[in-house]
There are 2 protein chains.
Amino acid sequence: MPGAKRSRTTNSGPRWALASQAERFRSARAAHADETAEDYAEAIADLIAREGSARVTALAACLGVSHVTVIRALARLSRGGLVVVMPYKGVALTRAGRALAARAKHRHGVVLAFLRALGVPARVAETDAEGLEHHVSPATLRAMERFVKR
Amino acid sequence: MPGAKRSRTTNSGPRWALASQAERFRSARAAHADETAEDYAEAIADLIAREGSARVTALAACLGVSHVTVIRALARLSRGGLVVVMPYKGVALTRAGRALAARAKHRHGVVLAFLRALGVPARVAETDAEGLEHHVSPATLRAMERFVKR
DNA sequence: ACGCTATTGTAGCCAAGGCTACATGGAGGT
DNA sequence: ACCTCCATGTAGCCTTGGCTACAATAGCGT
């Protein structure tokens, strides 16, 4: 848990304006912590839907990392109760994992559709959506949905 | 019957579709690498404009991290030629650093204005902008500018 | 001039997320 | 049966980015 408590910085002068900025940076960093989980959950759900199972190698290819990275990430997700790893068999999502995957997939879809509606070329939209989706708050997501449906 | 016939070497199916997805993930990760630099450059430029100098402690308060984290980050940015650290005096931006700060500031402003124009509440917009700005490609940024000016 | 305090800097710990190199497991082909 | 090849797994290293605890400066006030 990063940023639990702050240091005793003096904060002289009219620094309060900056303090809330610090909060925003904190949020951004905290959000980053969940990105991996969302990406993996989504990729796993996708692979299961597409190929019937999610194997380590397929995940690695899909996410663009080495199989070692996948294995370690899965161990973490497993500790976190999002996935169940069946050695040499594949990976399954727990109930929580499926919920996370569904949320991520939905958000991804909305962001992508939104960018397209904005007039961003398909290729770029797909790349940007990958980076943006993890930082879109519920309020902004709703605004995007409104815009798309408009 | 999990992965009945698509398991072997073939594993075919739409793997090319996944390959490009891997590329997208790669881009997102690469972009993440520059986030720190942009955040610091922007914060430093801001502090210099506001207070006349950018000190380590002020930066730490501003970014919401400990002064130690700032010091280490500055060392890296210095190696990268973005800042010049004057021990016990403050930090200055190099030409490249100023350019980066300007770009970051501009993008930040556009994203924020865009979110506001979309109808996102100010508070949320400010938080989201912090997370989103680093993942907005030039094409998407232009689309956002068009939308705001509309 | 001297010491106190806040700012800076150093040492060292932790987790995440990358990697390569090497070790095992499992299944198909001969 | 066995051999080989690919998928998995393990060991160990690197960087980034957090942190606390402690050491060293600088600059101010007395």
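The values are calculated or read from the model by the stated rules, or taken from the named source; none is laboratory data. Note that this is a predicted model, so its numbers are computed, not measured. Glycine also receives a Cβ, built like all others from the backbone with ideal geometry; neighbour counts cover every protein chain displayed. Side chains are part of the model used for accessible areas, which takes the heavy atoms of the whole protein and leaves out ligands, DNA and RNA. Shrake-Rupley method; radii C 1.70, N 1.55, O 1.52, S 1.80 Å.
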Quick one: label points 7 angstrom along Cα→Cβ at A:G109, distances to the other copies in nm, smallest first? 3.8
Looking at chain A from every direction and averaging, what is the projected area of its Cα convex hull in nm²? 12.0
Using amide H atoms built in the peptide plane, which far-off residues or other-chain residues are under 5 Å from B:L82 H to H? none
At 7 Å out from Cα toward Cβ: A:V124 inter-copy label distances (nm, ascending): 2.6
Sort largest first and round to whole Å: the equivalent ellipsoid semi-axes of the protein assembly as shown, each the square root of five times a Cα gyration tensor eigenvalue. 37, 23, 18
With a 1.4 Å probe and all protein chains in place, put A:F147, B:F114 in order of accessible area, largest first. A:F147, B:F114
Whole-number percent relative contact order across chain A, with pairs defined as alpha carbons under 8 Å at least 6 apart: 20
Take the solvent-accessible surface of the protein heavy atoms, probe 1.4 Å, and return the percent of it on chain B that carbon and sulfur atoms account for. 58
Compute the distribution of all C-alpha to C-alpha distances in the stretch B:109-150, in bins of 10 Å from 0, and list the percent of pairs in each, rounded to whole numbers. 33, 58, 9
Along principal axes, largest first, the alpha-carbon spread of the stretch B:62-150 in whole Å comes out as 47, 26, 19
Note, the stretch A:98-104: 3J(HN,Hα) by Karplus (6.51, -1.76, 1.60, θ = phi - 60°), whole Hz, Gly/Pro = x, goes 5, 5, 4, 4, 5, 4, 4
To the nearest 10 square angstrom, how much accessible area does A:T57 have with a 1.4 angstrom probe? 100
Net charge, B:T127 excluded, C-beta distance under 13 Å - Lys, Arg +1, Asp, Glu -1: 0
Average partner coverage of A:117-130, which counts Cβ from other chains inside 10 Å: 6
In nm, one decimal, shortest first: how far is the label point of B:R50 (7 Å from Cα along Cα to beta carbon) from the matching points in the other copies? 4.5
Could you give the angle, 0 to 90 degrees to the nearest 10, between helix A:138-149's Cα long axis and the longest principal axis of the Cα atoms of chain A? 70
Which Cα, out of B:V91, B:A73, A:Y88, lies furthest along the positive dipole direction of the protein assembly as shown (beta carbon charges, K/R +1, D/E -1)? A:Y88
Output ³J(HN,Hα) for the stretch A:119-124: one whole-Hz value per residue in order, computed from phi by the Karplus curve 6.51 cos²θ - 1.76 cosθ + 1.60 with θ = phi - 60°, and x for Gly and Pro. x, 7, x, 3, 4, 5
Nearest 500 deg cm²/dmol is fine: what mean residue ellipticity at 222 nm does chain A get from its DSSP H runs of n ≥ 4 alone, each adding -39,500 (n - 2.57), divided by its residue count? -23500 deg cm²/dmol
Amide H partners (placed H, <5 Å) of A:S53, local residues excluded: B:G3
For the stretch B:43-53, what does the Karplus curve 6.51 cos²θ - 1.76 cosθ + 1.60, with θ = phi - 60°, yield as ³J(HN,Hα) per residue in whole Hz, taken in order and with x for Gly and Pro? 5, 5, 4, 4, 5, 5, 5, 7, 10, x, 7
